[in-house]
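This report refers to the structure that appears directly beneath it.
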Amino acid sequence: MEFVIKGGKPLHGETAIAGAKNAALGLLAASIMADEDVFVRNIPDVSDVNTLLEAIADTGARVKRISRHEVLMNGSSIRSFIVNNRYIRRMRAGYYMLGALLGKYHYAEVALPGGCTIGSRPIDQHLKGFEALGAKTSIRNSMVLVEASELHGSNIYFDTVTVGATINVMMAAVFAKGRTVLENAAREPHVVDVANFLNSMGARIKGAGTDVIRIDGVQKLHGTDYSVIPDQIEAGTFMAAAAATRGNVLVKNVIPKHLECISQKLREIGCEVQEYDDSVRVIAENRPLRSAKIKTLPYPGFPTDMQPQIAVVLATARGTSTVNETIFENRFKYVDELNRMGTNISVEGNIAIITGVPELKGAQLVAPDLRAGAALVIAALAADGESVVEEINYILRGYEDFVEKLQLLGGSIGLAESEEEARKFFLKAGIV
Ligand code: UD1
């Protein structure tokens, strides 16, 4: 399956953003920590979330899909504390089952995480946190084992700002005796969402959203009814798509505060960004876009998950931009693909140097990972002519109804299962 795209049309109209994938992954894992019914609403229908739900169901927990975006979870029927490779190799966030199961049952065995190959992605900080809570950890046959006779509160300083370890250790600490303090904690909106979710189940977590999180252990959690926050990165991707195609798009169902850094950068580049209570409008039509300097940083800095998409915007902006990737060391794999579309990008170490070109040309492209894949789709929509984007399973891991949403904005994009279907699409699009 591939995306077929006839580019060159500015995107116009409105789009509504789904629930945040990365928040949903954390709080769905956390939901098994209660033995009562937990309703989770606004979950995105994307393959990473669906894979995690399958993995959770495999432990024996009750997982009932009430509707496309709502699920009922209940951890009282869990019989297995093992999450195997079948699920985890397809994504990264399976590691959240370590914190959730360790906290509740003092034992977990979870396959080493997979996910996008954007860097080495170690889990040493997760293990360090679990050990500080009193757990023994080991890695055997690609499985991570964590076990404890009891968990006790502890002071933990993370050596690096890590979303995954912050959420994972926070979950385990919910059932630890006494107080745990996480310092140098990640401040991402999804960390706050998972903390709010756990608190709605009776946990006692304070300070999420700052770099010091305090958790006072409790003995059990109760059921809840909770709605996941909107996806900051999906929203940012559509904002970048509006900018790159010189369009005008209202991105609805967002928390503008979470998008502040992206909005500011787009303004600096020359777009108009209007903020409303729960939407943002990006206007780039008939505007000369200019270069900018981007440096990815933990929240509230510029998100690494938006780095490839903003690079596409800069690829046709006047002047020379730099994009400095400080979080993951292997996140420029899309640059060769873009250069085949006529961009002028070179990479030196962890910095991409982008000299804007007046236009992009369609090309045959391969998505190297989730966000870079989305960036290539944006580039193809902005480019003159036809493009094909292969390896789209990466993209479907994190974007709900990506094609349909882009089509509603006037994007000429389709899904093709065969060359014949691709030919038909391009014929219809008036190209061939
Ligand atoms: C999460 C997001 C991912 C996003 C990333 C950074 C999920 C499922 N994924 O990934 O989309 O790109 O945050 O915002 O939420 N590190 C260590 N040791 C560890 C853990 C991390 O050195 O034990 C390093 C990583 O190599 C990286 C940095 O810390 O350089 C940040 O990683 P982290 O925030 O943990 O990313 P993930 O949770 O994997």
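Given contacts defined as C-alpha pairs under 8 Å and at least six residues apart, what's the relative contact order of segment 21-227, whole-number percent?
Result for segment 21-227 is 21 percent.
For the pair Lys424/Asn339, report the inter-label distance in nm, with labels modelled 7 Å from Cα in the Cβ direction.
Taking the two extended label points, one gets 3.8 nm.
Could you pull out every whole DSSP H run in the chain that spans at least 24 Å of Cα extent along its own axis and averages 1.0 or higher on the Kyte-Doolittle scale?
Counting only whole DSSP H runs, no helix qualifies.
As a test, work out the antiparallel percent of DSSP beta bridges whose residues both lie in segment 269-428, rounded to the nearest 5. Show your work: numbers first, answer last.
Numbers: 14 of 23 bridges.
The answer is about 60 percent antiparallel.
Compute and list, largest first, the equivalent-ellipsoid semi-axes of segment 133-183 from the alpha carbon gyration tensor, each √(5λ) rounded to a whole angstrom.
Value: 19, 16, 8 Å, ordered largest first.
For the chain, which whole percent of the accessible surface, found with a 1.4 angstrom probe, sits on carbon and sulfur atoms?
47 percent
Taking every DSSP beta bridge with both residues inside the chain, roughly what % is antiparallel (nearest 5)? Before the final figure, lay out the partial values.
On the way: 56 of 82 bridges.
Of the beta bridges lying entirely in the chain, close to 70 percent run antiparallel.
Hey, what's segment 21-227 come to in accessible area per residue, 1.4 Å probe, Å²?
Averaged over the residues of segment 21-227, the accessible area is 37 Å².
Find how many whole Å separate the alpha carbon centroid of segment 155-171 from the alpha carbon centroid of segment 343-394.
If you average the Cα positions of each part, the centres end up 33 Å apart.
According to a simple spin-label model (label point 7 Å from Cα along Cα-to-Cβ), what is the distance in nm between Ser346 and Gln407?
4.3 nm
Place a label point 7 angstrom from the Cα of Ala57 along the Cα-to-Cβ direction, then list the residues of segment 77-107 whose backbone nitrogen is under 14 Å away.
87
Nothing charged except the Cβ atoms of Lys and Arg (+1) and of Asp and Glu (-1): what's the magnitude of the dipole of the chain about its Cα centre? Round to the nearest 20 debye.
400 debye
When the chain is fully extended, how far beyond the present Cα-Cα distance does Leu415 get from Asp211, taking 0.36 nm per residue of separation?
Working: separation 204, 0.36 × 204 = 73.44 nm, distance 4.26 nm.
This chain segment gains 69.2 nm when fully extended.
Comparing Pro358, Pro189, Pro113, which has the greatest mean-square fluctuation in the GNM of the chain with Cα pairs linked when under 10 Å apart?
Pro358
Please work out the ratio of the alpha-carbon Rg of the chain to 2.2 N^0.38 Å and round it to two decimals. Before the final figure, lay out each step's value.
Numbers: Rg = 21.7 Å, N = 432, 2.2 N^0.38 = 22.1 Å.
Ratio of Cα Rg to 2.2 N^0.38 Å: 0.98.
Excluding ligands and nucleic acids, what accessible area in Å² is computed for Asp211 using a 1.4 Å probe, to the nearest 10?
80 Å²
Of the cross-linked pairs Lys206/Lys405; Lys21/Lys104; Lys21/Lys333; Lys220/Lys257, which ones have a Cα-Cα span greater than 30 Å in the structure shown?
Long pairs (Cα-Cα over 30 Å): Lys206/Lys405; Lys220/Lys257.
Going by Cα centres, segment 80-115 and segment 7-76 are how many Å apart?
17 Å
The values are calculated or read from the model by the stated rules, or taken from the named source; none is laboratory data. Everything numeric in this text was worked out from a predicted model, so none of it was measured. Cβ coordinates were reconstructed from backbone atoms using ideal geometry, including for glycine residues, and neighbour counts include every protein chain displayed. Keep in mind that these areas ignore ligands, DNA and RNA; they rest on the heavy atoms of the full protein, side chains included. Shrake-Rupley method; radii C 1.70, N 1.55, O 1.52, S 1.80 Å.
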